[in-house]
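Heads up, the thing below is written out as structure tokens.
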């Protein structure tokens, strides 16, 4: 499998052509304010800005056309490096590049190009609008890409299912020495338990009842411990199966410190059986049992904050995560797996549901990201040793309407309902902030 | 049953739109003046599973599916072969498949049915936004005699919100189907009718159950979603507030049954709906309702068990747990509707009985009944309504005895808060006042009383539906959704000159030995029909009733439906 590399991404919709990125680059690379010498160039007048920047191509034309061997792609970083000692200043490379990624620096008298400032590009933080991002998730691909996908291809999830994405990553990470317990819900419903005479998951799966997943898994883990085998006990349960009917056994297992990783895929309701509300369904949301009509405007109660309840069990590890923040998710997975060797680890992953939340399936990541950017969902982690802290703090959150408007399930909201949700978001944020101040050392 | 009927199946992978097309077909048939009966079958997975709608249309009301289907239309064949056992075909049947979707599975073709190619996908592509399921709908409509004007009306009404373009696209695809099937081999064609359809209903068993609850006076429902009972809740959720009631979605089945026990203790007729796994969780609390004499109704829409089983398909195998599942000696009511329409009556009656007798009533419907949609004559309204005996004014200085050992066994029940009527409702054994007691005499007295109120009550003629020849020496004994095919079998047998009687038991518990003996007077042989692997109903009858010497049992597990032909065969080949 080929390597993937970190890259600078540009969102033209957010760019207003201010030129701060070019100034930052010129400063960093030439020590001057001469933006003509910047290796990143923004073209355009009032709108429709375009980017001229080296893409660090996988199949770089500049490298092939260079007659002097002065350009070379670094296999480790992916950066195309320029060697001044070999360059003959023929400028053929500038003709070869389709992106205007390498150009003549007239002052220096040589070509110049982006070297990503050794993985810490100066232009990215300089952009006041967030139009530039340095995407580093390639590391995940490089690391886990070769690991076996323990989930069969062609599962029966809805198109664009976020939970499938989450499961594939999670199973890759926990590896084959795992027993998966997954109670009725979307996870078995999409085929992890195997339909059609073949199994969907390439590790042992036990499909327990909604009431008893944590208890059943605790029994399995204890048996393996008794016979001295190191086996990862993993539960992947829905929010309904964890926060409603399965809560008693979840709470019991956490209190006893059973050695397992319990992952909750929170799609905020019973999405597998026709979108009924659960105690994790947020206020105002339409579900088939919190309908919208003359006498009802969606759910009238706020969601139960299950991860905070788990913090109050003083679990070995508790964290919230989102698939829109993969590196964060992977870090938490690693910590949770480690913690589950000695105690109960709980990972609560927000998982937008295109079918039940009523949004086009291509907006999955966008919805997941907006949830975090508005502070509707907060990403934090907790250990008894270090207490609770944010892993991604959003200091200037977008108004919650930016999140709500993306989904059909909130379409009916009256202004006072939106106001209620915004108030709750602020309240929740303050509540968690207070917990970070008074570290919950247990 | 009687009249002319045609039976057909539309099948395809999940998302092929067969359920949508089937629903449109049913609606159009209803408007054309025909009666209809539609069940559906699907796999448990979220997407890419298989789905089928089985539809029977007729000129007279229908109680059951036929033995075989005249027509099977496969919009595609992905995994549809898995339904083969549920879709019996014969040499007279016709299979329509899309040649672009591959070969018809061998499990279907081995029936000897004639095969016809209909390029549904290709025909759909000739129409902007055309869909293959609408082509299938058109082909079927043309073959069975459904006219376009009726279909146009249905499409207009159902697709109104999607706009003119969507209606035009559906209609064009529909026409392409009609045209393509014009010279296909014949299947039974139903005659046009001028019937007055204003007194008919298009209703599912689950909707009828909800309506029965409402009419019986239920004003509080707490429940936890479970397939295939959820539609009962979905029907009741918007209906209850209109009559001052309320539905609460609980966090699990333990919560839902205990919420309704609480609601009922507070004086409101209360009900919950679930399926087998939920009933299992509720059994501890059913015991509480029996001991504390709090009226409640629990609907169990049975599915294939045990455990998660086959959540989307039907079986009659919760009889044992419903009758015997409670701990201790806990007499209670177990009832079962005998048809889609009867879900209304039986639920309403169950509410009435639970309230009158201050006990728990379990109503056993099933997936085949609950999720079946029937176009049928509107049910007559019955007057049963939940009415609890309330205490009369107390004389000065007399203590209220909540569990007074009355002659009938029913003790007047006060509502908490009534001055002078304070009492403890409890699951601990108690004396007449409700105070806990571990005395043998109190236990004996309360056990007697709780049994007496059920056995001494006059349930009238509603304990069973008895039809057929009064002096027949052969009887079919059945219950629940197996009563449908049994009714059709009875008609066929009688039409062929056999004298047969049908007893479809509605009141499973408490047993009615005298009425049962009366119903079976002169009967020398009995065929017991049910859909369970172990023959639960047969064993129950054996344990509770005196049966004639000659007894045969026709029983098999779900999800295969009992077919009328199988019953007829058992009777006619009885030598």
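With N counted as the residues of region B:32-170, its alpha-carbon radius of gyration over 2.2 N^0.38 Å works out to 1.10.
For region B:332-394, the Stokes-Einstein estimate of translational diffusion at 25 °C and a viscosity of 0.890 mPa s comes to 188 µm²/s, using the Kirkwood hydrodynamic radius over alpha-carbon pairs. Divide the volume of the convex hull around the Cα atoms of region A:135-290 by the residue count and you get 145 Å³ per residue. How many percent of Cα pairs in region A:1-64 exceed 14 Å? For region A:1-64, the fraction of Cα-Cα distances above 14 Å is 64 percent.
Both numbers refer to the Cα atoms of region A:344-419; Rg and Dmax are 14.5, 44 Å. The eigenvalues of the Cα gyration tensor, multiplied by 5 and square-rooted, give region B:492-543 an equivalent ellipsoid with semi-axes of 21, 16, 10 Å from largest to smallest. Seen against the Cα atoms of chain B and their longest principal axis, helix B:253-265 is set at about 50 degrees. One quarter of the convex hull surface built on the alpha carbon atoms of chain B amounts to 27.7 nm², the projected area averaged over directions.
Remark on region A:148-437: Rg and Dmax equal 18.2, 61 Å (Cα only).
Packing, taken as the mean count of other beta carbons within 10 Å per residue, orders the peptides B:232-238, B:180-186, B:255-261 from highest to lowest as B:255-261, B:232-238, B:180-186. Short-range pairs are left out: with C-alpha atoms under 8 Å and at least six residues apart, the relative contact order of chain A is 10 percent. Model label sites at residue B:443 and residue A:423, defined 7 Å from Cα along the beta-carbon direction, differ in position by 5.6 nm. The alpha carbon centroids of region B:69-131 and region B:256-328 are separated by 41 Å. Estimated at 0.36 nm per residue, the fully extended path between residue B:544 and residue B:569 surpasses their Cα-Cα distance by 6.3 nm.
Each principal axis of region B:202-377 carries a Cα extent, and these read 41, 37, 28 Å when sorted largest first.
The base-10 log of I(q)/I(0) for region A:80-124, evaluated at q = 0.14, 0.25, 0.31 Å⁻¹, reads -0.36, -1.01, -1.22 [Debye formula, identical scatterers on Cα atoms, solvent excluded].
Helix A:247-256 and the longest principal axis of the C-alpha atoms of chain A enclose an angle of approximately 80°. The convex hull around the C-alpha trace of region B:389-457, projected and averaged over every direction, spans 4.9 square nanometres.
Legend: mean number of C-beta atoms from other chains within 10 angstrom of residue C-beta atoms, peptide B:245-254, equals 4. Global dimensions of region A:7-139 from alpha-carbon coordinates: Rg and Dmax equal 14.4, 40 Å. Each principal axis of the Cα atoms in the protein assembly as shown has its own extent, and those three values, largest first, are 115, 83, 59 angstrom. With a 10 Å cut-off around each Cβ of A:286-299, the average count of Cβ atoms from other chains is 3. Calculated translational diffusion coefficient of region B:38-120 (4 °C, 1.567 mPa s; Stokes-Einstein with Kirkwood radius over alpha-carbon pairs) equals 96 µm²/s. By the count of neighbouring beta-carbon atoms within 10 Å, fewest first, B:246, B:298 end up ordered B:246, B:298.
Note on the protein assembly as shown: helix-only mean residue ellipticity at 222 nm, from DSSP H runs of 4+ residues weighted -39500 (n - 2.57) and normalised by residue number, equals -9500 deg cm²/dmol. Once both axes come from the Cα atoms, what is the angle between helix B:164-180 and the longest principal axis of chain B, in degrees from 0 to 90, rounded to 10? For B:164-180 against chain B, the angle is about 60 degrees.
Label-to-label distance, residue B:117 versus residue B:284, with points set 7 angstrom from Cα along the beta-carbon direction: 6.3 nm. Kirkwood-type hydrodynamic radius, region B:303-342: 12.0 Å, calculated from all non-identical alpha-carbon pairs.
Expressed per residue, the C-alpha convex hull volume of region B:455-521 stands at 71 Å³. Normalising by residue count, region B:162-224 has a Cα convex hull of 245 Å³ per residue.
Only alpha carbons enter this Debye calculation for region B:462-572, each as an equal point scatterer, and the log10 of I(q)/I(0) it gives at q = 0.12 Å⁻¹ is -0.35.
Here the mean projected area of the convex hull built on the C-alpha positions of region B:374-518 is 13.4 nm².
Considering only A:287, A:342, A:182, the mean-square fluctuation computed in a Gaussian network model of chain A, springs between alpha carbons under 10 angstrom, is largest for A:342. Each distinct pair of alpha carbons in region B:531-575 adds a 1/r term; the inverse of their mean, the Kirkwood radius, is 11.7 Å.
The mean number of Cβ atoms from other chains found within 10 Å of a Cβ in peptide B:222-233 is 4, as a whole number. Counting every Cα pair in region B:27-84, what percent are over 14 Å apart? That tail contains 62 percent of the Cα-Cα pairs.
Any read-out appearing in this document is the output of simple, stated calculations on the displayed coordinates, not a laboratory observation. Computed from a predicted model, the values in this text were never measured in an experiment. Positions of Cβ are generated from backbone atoms using ideal geometry, with glycine treated the same way; all protein chains shown enter the neighbour counts.
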